[in-house]
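One structure is given here, and the rest of the page talks about it.
The values are calculated or read from the model by the stated rules, or taken from the named source; none is laboratory data. Predicted, not measured: the structure shown is a model, and the values here were computed from it. Glycine also receives a Cβ, built like all others from the backbone with ideal geometry; neighbour counts cover every protein chain displayed.
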């Protein structure tokens, strides 16, 4: 698999809203600092309301992400973001066949413990029996996370519009269809049910079609985090991390803190310079 290291990624997103009154909105559009060197960046926030122009404040998330708090009055609000990132060298990954418990560090740290707990969209306790029945017969030493991601890819249909914002991994399993966040939630819940720490990463995904924000899965293996994309819609080595959390509730690209506001338009752009890398979705890959 081709893995471009240090290459440039160009990303952008435009969000249009209509606010009925004064609002406070949090957006997560900027690449996480871990994604690489920020070569260029532009954030432009405008409103057509009669009140003062929006006020923007940047905050750091607990996961190291960057958030922007936007305070604006009633009217149409446009948030336009663009950046060029020189990709960082991704962390090393565990060698195939390595037992996580045999690697220094093991599972005993706060991030891994958090990634084993059930969460709003990933009620892993409800899927424990199913996971044991479906994957309990795998041979010792099998990469469980890769097996789960491959199972979700093969069994769940990718159908835009087939799920709602409140659907959990159980809903996805029962319906047999969903979009990237549903694929990620089901993979995460099954991994946790099998004792594999798993979390969601919101990313820009060059090569994704149709282009949008994307959700992938990170699992703990061999004392390190590896990335899986159960949709297999974009090469993992081109991904640009935005935010990381237990599930989509921790990584939303827009969150309303106060006021009434509706998302009316959305566009996302992400490309790599040069050829898009190939990905067999088998070789271990880490996300910077």
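Could you please find all residues in region 228-245 being surrounded by 20 or more Cβ atoms within 10 Å (Cβ to Cβ) and more than 10 Å from the chain's Cα centre (by Cα)?
Within region 228-245, 228, 230, 231, 234, 235, 236, 237, 238 meet the criteria.
Which residues, taken from region 160-181, are part of a helix (DSSP H, G or I) and surrounded by 21 or more Cβ atoms within 10 Å (Cβ to Cβ)?
Within region 160-181, 169, 172, 180, 181 meet the criteria.
Could you check how many residues of region 24-35 are in a strand (DSSP E or B) and buried (at least 23 other Cβ atoms within 10 Å of the Cβ)?
Here the count works out to 1.
Do you know which of the residues in region 198-219 that are outside any strand (DSSP E or B) and modelled with pLDDT of 95 or more is nearest to residue 117 (Cα to Cα)?
Ranking the candidates gives 213 first.
Here is a yes/no grid of residues against (1) under 23 Å from residue 263 (Cα atoms); (2) touching a strand residue (DSSP E or B) at 6+ places or on another chain (Cβ under 6 Å); (3) in the same structural domain as residue 204 (by TED's automatic domain parsing); (4) modelled with pLDDT of 95 or more:
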position: 17; (1), (2), (3), (4): yes, yes, no, yes
position: 27; (1), (2), (3), (4): yes, yes, no, yes
position: 33; (1), (2), (3), (4): no, no, no, yes
position: 36; (1), (2), (3), (4): no, yes, no, yes
position: 51; (1), (2), (3), (4): yes, no, no, no
position: 70; (1), (2), (3), (4): yes, yes, no, yes
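So which residues in region 226-253 are part of a helix (DSSP H, G or I) and within 19 Å of residue 156 (Cβ to Cβ), if there are any at all? Outline the logic, then answer.
So in region 226-253, the residues part of a helix (DSSP H, G or I) come out as 236-238, 248-250.
If the condition is that a residue be part of a helix (DSSP H, G or I) and within 19 Å of residue 156 (Cβ to Cβ), then 236, 248 are the ones that fit.
Inspect all residues belonging to region 182-197 and state whether any of them is in contact with a strand residue (DSSP E or B) (Cβ under 7 Å, 6 or more places away or on another chain) and assigned to a strand (DSSP E or B).
No.
Among the residues of region 115-159, how many are in a loop (DSSP other than H, G, I, E, B) and under 14 Å from residue 180 (Cα atoms)?
Residues in region 115-159 being in a loop (DSSP other than H, G, I, E, B) and under 14 Å from residue 180 (Cα atoms): 3 in total.
So which residues in region 36-63 are assigned to a loop (DSSP other than H, G, I, E, B) and either surrounded by 15 or more Cβ atoms within 10 Å (Cβ to Cβ) or in contact with a helix residue (DSSP H, G or I) (Cβ under 6 Å, 6 or more places away or on another chain) (or both)? If you could, list the steps in order and put the result at the bottom.
Let us first name the residues in region 36-63 that are assigned to a loop (DSSP other than H, G, I, E, B), namely 48-54, 61-63.
Within region 36-63, 49, 54, 61, 63 meet the criteria.
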